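S.K.: There's a structure below that I have some questions on.
Every number here is computed from the coordinates shown, using simple stated rules; none is lab data. Predicted model, so just to flag it, every value in this text is computed and none were measured. No Cβ is skipped: glycine too gets one built from the backbone with ideal geometry, and neighbour counts run over all protein chains shown.
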Amino acid sequence: MDLTITAQGLLQVAGAGDAPVLLHPIWLRERLPDAAVLDPQTGQRLEEAAETPTDLRVTAAAHDGTIAFSDGFATRLPAGWLAGAIAVQPHQAQHVHWDGTLDAARFPCADLADLRARPAALGALLAGLDAYGFAIVRGVPIEPDGGLAFADLIGPIRMTNWGGMADVKAIPNAYDLTMTPRHLEPHSDNPYRDPVPGYILLHCLQNDADGGDSTLVDGFHAAAMLRSIDPAAFDTLTRTDVTFRYHDDSAFLEHQAPLIERNAAGDVVQIRYNNRTEMVGRLPVDQLDAYYAARAAFWKLIAPVSPLTLQFRLQPGELLVMDNYRLLHGRTGYTLATGSRHMRQCYLDRDMVGSKRRLLQPA
């Protein structure tokens with residue numbers, strides 16, 4: 001690599017065939033692999049970065065890796081470190097958008113025994129989950145806490161006011177529509193929590209009633225379609241905060257957020273859609289008109305009869321993992337007189353799933 005210093009004190013790095021890269025002196029300084037900057041054992045920063053002089057300049061850069069700064073600090077970089085530091089970028093998921101025609105042969109799937117035996121298999125499954133937003137694990141013990149056999153491969157489950165692993169089945173005096181045999185429209189879970197649970201694990205124990213198929217919609221794909229066909233509606237759903245609320249004898253949960261959330265780059269990073277718990281505030285009439293029209297436009301894309309809906313049936317011993325920031329899930333109604341539908345469900349936080357994926361697939 002060829003190192004030169006610009007008149008502004010920036011470090012210019014040029015490599016064979018690569019366009020030159022300009023590095024800000026503070027950007028370079030705060031990540032230097034020097035024992036005075038980063039703790040050698042933990043890799044965590046020792047210097048208070050905010051106290052670094054804002055007019056810091058690079059004053060020397062030698063081919064042997066020696067770098068010096070205007071405040072007198074100097075260090076020697078290990079061979080290859082600079083190229084590695086330049087190459088590091090935050091993970092960018094390669095989302096595969098899909099609709100109701102997605103072939104079952106493309107579903108990310110694995111057997112639990114294989115995931116337990118081979119870390120590479122778990123890494124591949126989590127990569128598929130990252131790409132498609134869902135995955136299916138087979139061979140999960142058909143017992144009440146059998147789903148923990150998979151969850152424990154990743155990390156601790158998220159505890160809620162319902163505990164850890166909870167039933168999803170029809171019961172008398174249901175406290176939630178989930179606990180009835182009615183159909184469930186496409187929705188994301190628990191948007192009234194902060195943070196919203198990142199991943200849903202739905203473990204099938206019994207599913208022999210008429211009906212009760214699982215439905216999935218790729219919310220990111222639906223949002224991209226809305227952005228294309230009705231940019232004003234898309235913009236409205238990203239700018240209008242609504243209230244999601246759940247209230248019973250044990251909990252009063254409330255959170256305000258938009259139905260479609262974007263990051264600073266404008267990319268969609270989360271879908272919140274839950275007809276059962278969403279209430280928009282008393283906004284001016286023109287804003288409400290725009291919001292209701294935008295919500296209706298989005299609903300037309302994700303409704304159960306939509307071409308975007310993927311429908312399949314979970315079998316006992318299968319566990320469905322769903323990205324709760326991306327997918328909208330539901331089910332068809334079922335008839336109790338014909339059999340039973342008993343699922344068990346828990347949540348994993350987003351950081352734990354991402355951590356395990358990066359550990360197993362560091363590239």
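S.K.: Would you work out which of ALA7, GLY139, GLY128 lies farthest towards the positive end of the dipole of the chain, given +1 charges on the beta-carbon of Lys and Arg and -1 on that of Asp and Glu, about the Cα centre?
M.R.: Selected residue: GLY139.
S.K.: Please identify, among ILE302, ILE271, ILE26, the residue showing maximal mean-square fluctuation in a Gaussian network model of the chain using a 10 angstrom Cα cutoff.
M.R.: Greatest mean-square fluctuation among the candidates belongs to ILE26.
S.K.: Can you tell me the dipole magnitude for segment 36-103 around its Cα centre, using point charges on the Cβ only (Lys, Arg +1; Asp, Glu -1), in Debye to the nearest 20?
M.R.: Here the size comes out at about 260 debye.
S.K.: Report, to the nearest 10°, how far helix 285-302 tilts away from the longest principal axis of the Cα atoms in the chain, using its own Cα long axis and a range of 0 to 90°.
M.R.: 80 degrees
S.K.: Follow-up. Decide, for segment 2-87, between rounded, prolate and oblate: order the square roots of the alpha carbon gyration tensor eigenvalues as a ≥ b ≥ c, take rounded if a/c falls under 1.5, and otherwise choose prolate if a/b is larger than b/c, else oblate.
M.R.: Here segment 2-87 falls in the oblate category.
S.K.: Helix 119-132 versus the longest principal axis of the chain: what is the Cα-based angle in degrees, 0 to 90, to the nearest 10?
M.R.: Rounded to the nearest ten degrees, it is 80.
S.K.: Mind checking the full-extension length gain between ASP167 and GLU143? Use 0.36 nm per residue of separation minus the Cα-Cα distance, one decimal, nm.
M.R.: Length gained, ASP167 through GLU143: 7.5 nm.
S.K.: Relative to the Cα centre, what is the charge dipole magnitude of the chain, using +1 at the beta carbon of each Lys and Arg, -1 at the beta carbon of each Asp and Glu, and rounding to the nearest 20 debye?
M.R.: Computed about the Cα centre, the dipole is about 540 debye.
S.K.: Another question, if that's okay. Enumerate the calculated ³J(HN,Hα) couplings along segment 245-254 in order (Karplus 6.51 cos²θ - 1.76 cosθ + 1.60, θ = phi - 60°), each rounded to whole Hz, writing x wherever the residue is Gly or Pro.
M.R.: 9, 10, 9, 9, 5, 9, 7, 10, 10, 8
S.K.: Same structure again: Could you tell me what fraction of 2.2 N^0.38 Å the Cα radius of gyration of the chain comes to, as a two-decimal ratio?
M.R.: Scaled against compact globular proteins, the figure is 1.21.
S.K.: Given the rule -39500 (n - 2.57) for each run of at least 4 DSSP H residues, summed and divided by the residues of the chain, what is its mean residue ellipticity at 222 nm, to the nearest 500 deg cm²/dmol?
M.R.: Helix-only estimate at 222 nm: -6500 deg cm²/dmol.
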